[in-house]
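Data block below; observations after.
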Amino acid sequence: PPSDRLGLHLAATRPAFLTASLVPILVGSAWGARQGAQIDLLNFSIALLAMACIHAAVNVFNDVFDDLNGTDRINSERISPFTGGSRMIQNGDLNLRQMFGWGVTLTLTGMALGLVLAVRAGWPIIGLGLAGLALGFAYSAPPIALASRGVGELAVGLGFGALPVIGAAWLQSAIWDPAALLLSLPVGLWIAAVLIVNEIPDITADAASGKRTLAVRLGPELTLALYFLCLCLAIILLFVAGDLGFIRHTAVVLPLGFLGLIAAALLAADRATRLRDQLPRVIRLTLGNHLLSGFWLTGVIALA
């Protein structure tokens, strides 16, 4: 039935992670509206839809290329539904050709929405959109495959932090503002932390297939150290933004709370034996930190 096919195609986009598209558009739009004294709801809505389409396309293409290189097929240690892909191909729900076609459809839709934004607000937005699309596709597509080169996390931080926050701010204010860049950095670090912790359960499969992510290169303990560094650096940057008068220092309250919860969860783990038991909880907390701290930061900016 068409409803079943629609459900499968929606599941292939991994909708639980599409909040990574929502947060940067919210933060950037809030800052841009503050600079421009009002918000253009139509620009905001189109930007959000375009970002979601490109993000969904990136997720679908990632599944395609991770099946082609064998990573998802041999991943027996994944933590569903967070790691190891959507499993659409491995479960026989959608084949490679269908997944690739779906990714192309989503990409073209996102590009069409980007053109609408360019007509409404100006052509510079095309440059940011194409940069984000290129980073997303190059994340897993050979021969570049940024994730396999240990820089996928940086690409995700840029593609879901700096680029959309700056773009969304410009759509509201038509101003290229250095403050938008500063405020984008915690957003990028929060989503990079999500990717970093999600890579830990996939280390064995990624290493076996030649996908040398940062987690493969560093191992679990150093990966966790990098993960905490990202979260702590995000809080420091929020303090800097507060000192510069861009936001109130209350913006760090929620991220600090999540950092404490995550630290408590990991301290309860007995490294080698119980780390895996704690990872689902840590992944949920990290996703919650990204989403709720993003909402909190948006509110702090909007109400300033």
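Before moving on, here are some points about what is shown:
- The chain, dipole about Cα centre (Lys/Arg Cβ +1, Asp/Glu Cβ -1), debye to the nearest 20: 60
- From most to least packed by mean Cβ count within 10 Å, the peptides 161-169, 285-293 give 161-169, 285-293.
- The alpha carbon gyration tensor of the stretch 174-271 gives principal lengths a ≥ b ≥ c with a/c of 1.5 or higher and a/b no greater than b/c, which makes the shape oblate.
- Helix-only CD estimate at 222 nm, as mean residue ellipticity for the chain, using -39500 (n - 2.57) per DSSP H run (n ≥ 4): -24500 deg cm²/dmol
- Among residues other than Asp93 with Cβ under 14 Å from its Cβ, the summed charge is 0 (Lys and Arg +1, Asp and Glu -1).
- When the chain is reduced to its Cα atoms, the Kirkwood hydrodynamic radius in Å: 19.6
- Semi-axes of the equivalent ellipsoid for the stretch 106-229, computed as √(5λ) from the eigenvalues of its C-alpha gyration tensor and ordered from largest down, come to 31, 18, 9 Å.
- Dipole of the stretch 1-123, positive direction: furthest Cα of Ala121, Val58, Gly70, with charges on the beta-carbon: Ala121
- The residues of the chain have, on average, 44 Å² of accessible surface per residue, using a 1.4 Å probe with all protein chains present.
- Of the chymotrypsin sites (Phe, Trp or Tyr not before Pro) found in the stretch 155-244, those that fall in a DSSP loop while having at most 15 other beta-carbon atoms within 10 Å are Trp176.
- Net dipole in debye of the stretch 1-83 [+1 Lys, Arg Cβ; -1 Asp, Glu Cβ; about Cα centre; nearest 20]: 200
- Counting only Cβ charges, +1 for Lys and Arg and -1 for Asp and Glu, the dipole size of the stretch 203-300 around its Cα centre is about 220 debye.
- Apportionment of accessible area to carbon and sulfur, the chain, percent (1.4 Å): 69
The values are calculated or read from the model by the stated rules, or taken from the named source; none is laboratory data. Treat the numbers as computed from the prediction; the structure is a model and nothing was measured. Methodologically, a virtual Cβ is constructed for each residue, glycine included, from the backbone with ideal geometry; neighbour enumeration extends over all protein chains shown. Calculation scope for accessible area: heavy atoms of the full protein, side chains included, ligands and nucleic acids excluded. Shrake-Rupley method; radii C 1.70, N 1.55, O 1.52, S 1.80 Å.
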